């Protein structure tokens, strides 16, 4: 995965080498795209708060909204080589919001409710409940303000916390390769976030690098730390009656090994690279968005788990 990380670092460096001119802050707010600060997928969706679907609305800088997303996986139902493959679906309904505190500081929050299911040899297994609530603060380190017809730039850094409000049920891990069939991790997890946007008029590129430190829960289980990266190209069509923002990009996730009682668990690390595409439409104070992700390459749990696709739909109201 090093080549993908290097690619985004090169994009970042190239963008900074361009002219540091800008347009108004209002235009930035209309086009700001904060990609995927949240990395709570825990290899296969456990307590997922967005995965690489992204965290901010493309049209509304400050908003409150409702989002649904689905993640489809196929995994081994057991720890043996001849264990059958089963289908797993992770579903989340999420309240999400982004609120300005000062000119440079914004607070984001996610409140998820999960209802997951999988088809095991013994029958359908279902779990549901409140997930882990996340809160994050972002600080605008750099933003160009001078009038320009060339490029604008914005760099944000931040951090946050994911609280163990979702239930972690140790029994859900028994006899299953997928350790992430949970509605919560049961642990306090901590986020480091970075996001960089470069734009020329209505065309923009958003690049992000994020890392989550995960801690041990009360059951002495610890999900592996996670690194997310991604880059998305977007364009604003400012039509007379509606605004449209299509997007196209890549998103990747790298998972470290899970631990139990301080010991590393086999077949719990992995990495995946997604293609992503979507569109958001806005009129007045309301906007609606649809996004989808398809895997390009993956190696999850030593190839014992396979991601099929992810998709989401959201409805937002501008504050």
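The values are calculated or read from the model by the stated rules, or taken from the named source; none is laboratory data. Quick caveat, the model's predicted, so the values are computed rather than measured. Methodologically, a virtual Cβ is constructed for each residue, glycine included, from the backbone with ideal geometry; neighbour enumeration extends over all protein chains shown.
Given 99, 127, 95, which one is over 19 Å from the mean Cα position of the chain (by Cα) and modelled with pLDDT of 90 or more? First the steps, then the outcome.
Working: 99 fails: over 19 Å from the mean Cα position of the chain (by Cα); 95 fails: over 19 Å from the mean Cα position of the chain (by Cα).
Answer to the check: 127.
Exactly one of these conditions fails for residue 157: (1) modelled with pLDDT under 95; (2) part of a strand (DSSP E or B); (3) surrounded by fewer than 16 Cβ atoms within 10 Å (Cβ to Cβ). Give me its number.
Going through (1) modelled with pLDDT under 95; (2) part of a strand (DSSP E or B); (3) surrounded by fewer than 16 Cβ atoms within 10 Å (Cβ to Cβ) one by one, residue 157 breaks only (1).
For the condition in contact (Cβ under 8 Å) with a residue 60 or more places away in the chain and either under 16 Å from residue 292 (Cβ atoms) or touching a strand residue (DSSP E or B) at 6+ places or on another chain (Cβ under 8 Å) (or both), what is the one hit in 254, 242? Spell out the reasoning first.
Numbers: 242 fails: in contact (Cβ under 8 Å) with a residue 60 or more places away in the chain.
254 is the lone residue from the list that is in contact (Cβ under 8 Å) with a residue 60 or more places away in the chain and either under 16 Å from residue 292 (Cβ atoms) or touching a strand residue (DSSP E or B) at 6+ places or on another chain (Cβ under 8 Å) (or both).
Taking into account only those residues within the range 267-309 that are in a loop (DSSP other than H, G, I, E, B) and over 15 Å from residue 75 (Cα atoms), which is nearest to the chain's Cα centre (by Cα)?
Here is the first cut: in the range 267-309, the ones in a loop (DSSP other than H, G, I, E, B) are 267-269, 284-285, 301-304.
Checking which are over 15 Å from residue 75 (Cα atoms) leaves us with 284-285.
On the way: 284: 27, 285: 24 Å.
Across the range 267-309, the extreme among qualifying residues is 285.
Taking the condition touching a helix residue (DSSP H, G or I) at 6+ places or on another chain (Cβ under 6 Å) and either at pLDDT 95 or above or surrounded by 17 or more Cβ atoms within 10 Å (Cβ to Cβ) (or both), does residue 229 pass? Before you say what the answer is, go through the steps one by one.
On the way: touching a helix residue (DSSP H, G or I) at 6+ places or on another chain (Cβ under 6 Å): yes; either at pLDDT 95 or above or surrounded by 17 or more Cβ atoms within 10 Å (Cβ to Cβ) (or both): yes.
When the stated conditions are applied, residue 229 passes them.
Collect the residues in the range 189-217 that are surrounded by fewer than 21 Cβ atoms within 10 Å (Cβ to Cβ), assigned to a strand (DSSP E or B), touching a strand residue (DSSP E or B) at 6+ places or on another chain (Cβ under 7 Å) and in contact (Cβ under 8 Å) with a residue 40 or more places away in the chain, keeping them in residue-number order.
Initially, the range 189-217 is screened for residues surrounded by fewer than 21 Cβ atoms within 10 Å (Cβ to Cβ), giving 190, 192, 194, 200-203, 205, 209, 211, 213, 215-217.
Applying the additional criterion that residues be assigned to a strand (DSSP E or B) yields 190, 192, 194, 200, 203, 205, 209, 211, 213.
Now drop any that are not touching a strand residue (DSSP E or B) at 6+ places or on another chain (Cβ under 7 Å), which leaves 190, 192, 194, 203, 205, 209, 211, 213.
205, 209, 211, listed by residue number.
Would you mind stating whether residue 151 is over 18 Å from residue 209 (Cα atoms) and crowded, with 16+ Cβ neighbours inside 10 Å? Spell out how you get there, then give the answer.
Details: over 18 Å from residue 209 (Cα atoms): yes; crowded, with 16+ Cβ neighbours inside 10 Å: yes.
Taking the combined requirement at face value, the residue satisfies it.
Which ones in the range 151-182 are farther than 13 Å from residue 77 by Cα and free of Cβ contacts under 8 Å to residues at least 40 places away in the same chain?
Within the range 151-182, 157, 159, 161, 163, 165, 167, 171 meet the criteria.
Quick one: residue 319 ticks every box in (1) touching a helix residue (DSSP H, G or I) at 6+ places or on another chain (Cβ under 7 Å); (2) at pLDDT below 95; (3) surrounded by fewer than 21 Cβ atoms within 10 Å (Cβ to Cβ) bar one, so which box is it?
Just one mismatch for residue 319, condition (1).
Among the residues of the range 273-284, which ones are within 11 Å of residue 294 (Cβ to Cβ) and out of contact with any helix residue (DSSP H, G or I) (no Cβ under 9 Å at 6 or more places or on another chain)? Step through it out loud before you land on a result.
Taking the range 273-284 and keeping what is within 11 Å of residue 294 (Cβ to Cβ), we get 273-277.
Of everything in the range 273-284, those that are within 11 Å of residue 294 (Cβ to Cβ) and out of contact with any helix residue (DSSP H, G or I) (no Cβ under 9 Å at 6 or more places or on another chain) turn out to be 274, 275, 276, 277.
Name the residues in the range 170-188 that are in a loop (DSSP other than H, G, I, E, B) and surrounded by fewer than 16 Cβ atoms within 10 Å (Cβ to Cβ), would you?
Going residue by residue through the range 170-188, those that are in a loop (DSSP other than H, G, I, E, B) are 174-188.
Once the filter is applied, which keeps residues that are in a loop (DSSP other than H, G, I, E, B) and surrounded by fewer than 16 Cβ atoms within 10 Å (Cβ to Cβ), the range 170-188 yields 174, 175, 188.
Would you call residue 288 free of Cβ contacts under 8 Å to residues at least 60 places away in the same chain, under 20 Å from residue 68 (Cβ atoms) and surrounded by fewer than 17 Cβ atoms within 10 Å (Cβ to Cβ)?
Working: free of Cβ contacts under 8 Å to residues at least 60 places away in the same chain: yes; under 20 Å from residue 68 (Cβ atoms): yes; surrounded by fewer than 17 Cβ atoms within 10 Å (Cβ to Cβ): yes.
Against the criterion (free of Cβ contacts under 8 Å to residues at least 60 places away in the same chain, under 20 Å from residue 68 (Cβ atoms) and surrounded by fewer than 17 Cβ atoms within 10 Å (Cβ to Cβ)), residue 288 qualifies.
Show me the strands (runs of 3 or more DSSP E) found entirely inside the range 70-147 where at least 2 residues are over 21 Å from residue 306 (Cβ atoms), without any contact (Cβ under 8 Å) to a residue 40 or more places away in the chain and touching a strand residue (DSSP E or B) at 6+ places or on another chain (Cβ under 6 Å).
Working: elements: 85-100, 105-120, 123-130, 134-143.
Because the criterion is at least 2 residues that are over 21 Å from residue 306 (Cβ atoms), without any contact (Cβ under 8 Å) to a residue 40 or more places away in the chain and touching a strand residue (DSSP E or B) at 6+ places or on another chain (Cβ under 6 Å), the strands (runs of 3 or more DSSP E) in the range 70-147 that meet it are 85-100, 105-120, 134-143.
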